[in-house]
1. Only one residue in 131, 47 is open to solvent by 80 Å² or more (accessible area, probe 1.4 Å) and either free of Cβ contacts under 8 Å to residues at least 40 places away in the same chain or at negative phi (or both), so which one is that?
2. Restricting to the range 140-178, count the residues that are at pLDDT below 90 and closer than 21 Å to residue 106 by Cα.
3. Determine whether the range 142-154 contains at least one residue that is without any contact (Cβ under 8 Å) to a residue 12 or more places away in the chain and either in a loop (DSSP other than H, G, I, E, B) or of a type in the set (A, V, I, L, M) (or both).
Amino acid sequence: MKTTSEKKEWDTKDYCSFAKDLIPFESLSYCDFVFIPTVHNDHWWVYAFNFLSRELHVLDPLGHRRGQRNKIDKAMAVQVDHVYKILDKFGGVNSPPIKVVKQKLPIQPNGYDCGVLVLKYIEVWNGMVEYEGKTMSEYNSEELQTFRKEMVCNWVLDARNAKRENVLREFNFRGTSE
């Protein structure tokens, strides 16, 4: 039996075969963006990584004035590069550095909807400047409340939700499969 002092410390190369089986690099390279939701100090933002351009887009509902976030962005770029090299069957040899791109987005209208905005970014953000010099539309608190309600309904009522029928039965909704 191993003791705590005998536990193996994992290295990047230990993850290679596991990650390559779990996440096929080829399918990721066909995606426009791979989204990486992130939370720090009770605030959510999301990174959108483009494998072909090697750009890591920062989508932050509070903007980019928070000094500590710059360090986090750089650290995230290093970690994404590690994952890229693990998944790339050619080992990422001579890959150009990942470029961090801070996207200009509307600032969230309140102090609590960053998570809802992150989910909205994941749903509709495409990197195109289409909204008065920004890559996302501006939403007010009422619209965000509507999004929140829609998201919960979609999650609960989704046919893949294992507890869907229980919820419908609990709240006496018609249309259950029983």
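The values are calculated or read from the model by the stated rules, or taken from the named source; none is laboratory data. Every value quoted in this text rests on a predicted model; they were computed, and no experiment measured them. Counting neighbours? That spans all protein chains shown, and the Cβs are built from the backbone with ideal geometry, glycine included. Just the protein is used for accessible areas: all its heavy atoms, side chains included, with ligands, DNA and RNA removed. Shrake-Rupley method; radii C 1.70, N 1.55, O 1.52, S 1.80 Å.
1. On the way: 47 fails: open to solvent by 80 Å² or more (accessible area, probe 1.4 Å).
The unique qualifying residue is 131.
2. 0
3. To start, the set of residues in the range 142-154 that are without any contact (Cβ under 8 Å) to a residue 12 or more places away in the chain comprises 142-143, 145-146, 149-150, 152-154.
From the residues that got through so far, the ones that are either in a loop (DSSP other than H, G, I, E, B) or of a type in the set (A, V, I, L, M) (or both) too are 152.
Among the residues of the range 142-154, at least one is without any contact (Cβ under 8 Å) to a residue 12 or more places away in the chain and either in a loop (DSSP other than H, G, I, E, B) or of a type in the set (A, V, I, L, M) (or both), which makes the answer yes.
Table: residues versus (1) surrounded by 15 or more Cβ atoms within 10 Å (Cβ to Cβ); (2) of a type in the set (Asp, Glu); (3) under 17 Å from residue 37 (Cα atoms).
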site: 126; (1), (2), (3): no, no, yes
site: 135; (1), (2), (3): yes, no, no
site: 142; (1), (2), (3): no, yes, no
site: 159; (1), (2), (3): no, no, no
site: 167; (1), (2), (3): no, no, no
